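The values are calculated or read from the model by the stated rules, or taken from the named source; none is laboratory data. On a predicted model such as this, the values are computed, not experimentally measured, just so you know. All Cβ positions, even for glycine, are placed from backbone atoms using ideal geometry, and neighbour counts span all protein chains on display.
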Amino acid sequence: MKKFVIAIAAVLAIPGPVRCMAQAQVQIPVQIQDKGYWRAASNTAASITGDIGIAAATMTLNFKKYPLASIRSLQPAEVSAAFDADASTAGPGTLYRLRVPAWVRLLKHNTLCGTDDAEWMATYAAGKSLQVAFFSGADEPKFSFDAIANSTHLCGTYSFVR
């Protein structure tokens with residue numbers, strides 16, 4: 001009985017907010033992943049990139065793999081600026097660093113960024129669709145409406161589906 005009283009006293013000694021946090025169920029939001037195989041859905045994707053595959057450290061275009069490094073998450077406002085998504089419902093996206101050389105020819109002898117290397121990729125997955133934007137330039141792209149509208153480094157945006 002004495003041990004029971006000590007145990008009750010110990011529980012009551014824990015501060016209220018800590019006790020409530022321990023009892024509350026933590027729900028982690030499900031983030032839609034951009035990893036996996038995606039089929040070209042837009043005309044630009046169908047005529048330039050074809051299907052795309054995204055893995056932890058590689059991206060596959062036209063059956064060729066390119067190294068890929070996740071840099072940071074994009075906030076909903078940045079996703080909205082880059083992909084014309086509704087900022088109030090847009091989820092996070094991802095900014096990647098990569099290098100697809102300008103000399104690489106994709107479908108119909110197209111390139112991602114003309115005479116420049118593609119050095120950045122931004123993605124936004126929602127449901128069974130994926131939006132991808134490629135950027136040239138050594139500096140990290142800026143994701144505001146003005147910066148995207150006036151960017152000389154935005155190579156193109158593409159749509160894919162599962």
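For the range 70-80, a residue qualifies if it is in contact (Cβ under 8 Å) with a residue 24 or more places away in the chain and within 21 Å of Ala55 (Cβ to Cβ), and the qualifying residues are Ser70, Ile71, Leu74. For the range 140-150, the criterion of being part of a strand (DSSP E or B) and under 16 Å from the mean Cα position of the chain (by Cα) is met by none of the residues. Say whether the condition of being under 19 Å from Ala55 (Cα atoms) and not aliphatic (A, V, I, L, M) is met by at least one residue in the range 100-115. Within the range 100-115, none of the residues are under 19 Å from Ala55 (Cα atoms) and not aliphatic (A, V, I, L, M).
Specify which of the listed residues (Phe143, Phe135, Phe83) is under 19 Å from Thr44 (Cα atoms), touching a residue at least 24 places away in the same chain (Cβ under 8 Å) and out of contact with any Ser or Thr (no Cβ under 6 Å at 6 or more places or on another chain).
Working: Phe143 fails: under 19 Å from Thr44 (Cα atoms); Phe135 fails: touching a residue at least 24 places away in the same chain (Cβ under 8 Å).
Result of the check over Phe143, Phe135, Phe83: Phe83.
Conditions (1) hydroxyl-bearing (Ser, Thr, Tyr); (2) in contact with a helix residue (DSSP H, G or I) (Cβ under 9 Å, 6 or more places away or on another chain); (3) in a strand (DSSP E or B), marked per residue:
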{"position": "Lys65", "(1), (2), (3)": "no, no, yes"}
{"position": "Ile71", "(1), (2), (3)": "no, no, yes"}
{"position": "Arg99", "(1), (2), (3)": "no, no, yes"}
{"position": "Thr111", "(1), (2), (3)": "yes, yes, no"}
{"position": "Tyr124", "(1), (2), (3)": "yes, yes, yes"}
{"position": "Ala133", "(1), (2), (3)": "no, yes, yes"}
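Scan the range 79-99 for residues that are modelled with pLDDT of 95 or more and surrounded by 15 or more Cβ atoms within 10 Å (Cβ to Cβ) and jot them down. Steps first, answer last, please.
We begin by selecting, within the range 79-99, every residue modelled with pLDDT of 95 or more; these are 94-99.
Those that are modelled with pLDDT of 95 or more and surrounded by 15 or more Cβ atoms within 10 Å (Cβ to Cβ): Thr94, Leu95, Tyr96, Leu98.
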